[in-house]
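Read through the structure below, which is laid out as structure tokens, and then see the notes.
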Amino acid sequence: MFGISDRDLNNATHPGIYLVDFGASSVKNGPDTGEYFTGALFIINSGNFLIQLFFDGNQYFRKRFYNSWTAWIKTTRDL
């Protein structure tokens, strides 16, 4: 696990598991997590299809297919 420096998640495409700890207002193209963007970002990339999963106690995901991103989907309720 390691951190990411680019705060635009559209640019976070290298496969891996990343620890992130930013103020939510400084993150571009991230899920709505409230005041903080702190948790684990998982990236799975197979070329034309990419998945980003974010865990901060809740779980969010989105995908990119041929350079078109979906909106973030929150799959768990607030903890």
Hey, any idea what Rg/Rh is for the chain, computing Rh the Kirkwood way over Cα pairs?
-> 0.93
Dipole of region 2-71 (Lys/Arg Cβ +1, Asp/Glu Cβ -1, origin at the Cα centre): which of PHE37, TYR66, LEU9 lies farthest to the positive side?
-> TYR66
Here Rg/Rh (Cα, Kirkwood) for region 22-67 equals 1.00
What is the calculated FRET efficiency for SER46 to ASP8, with r their C-beta to C-beta distance and R₀ = 30 Å, to the nearest 0.05?
-> 0.90
Candidate cut points under trypsin sites (Lys or Arg not before Pro) in the chain, DSSP loop plus at most 12 other Cβ atoms within 10 Å of their own Cβ, are ARG77
Scoring the chain by relative contact order with C-alpha pairs under 8 Å, at least six apart, yields a percentage of 21 percent
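Values in this text are rule-based calculations from the coordinates and carry no lab data. Fair warning: this is a prediction, and the values are worked out from it, not measured in the lab. Quick reminder, even Gly has a Cβ in these numbers, built from the backbone with ideal geometry, and neighbours come from all protein chains shown.
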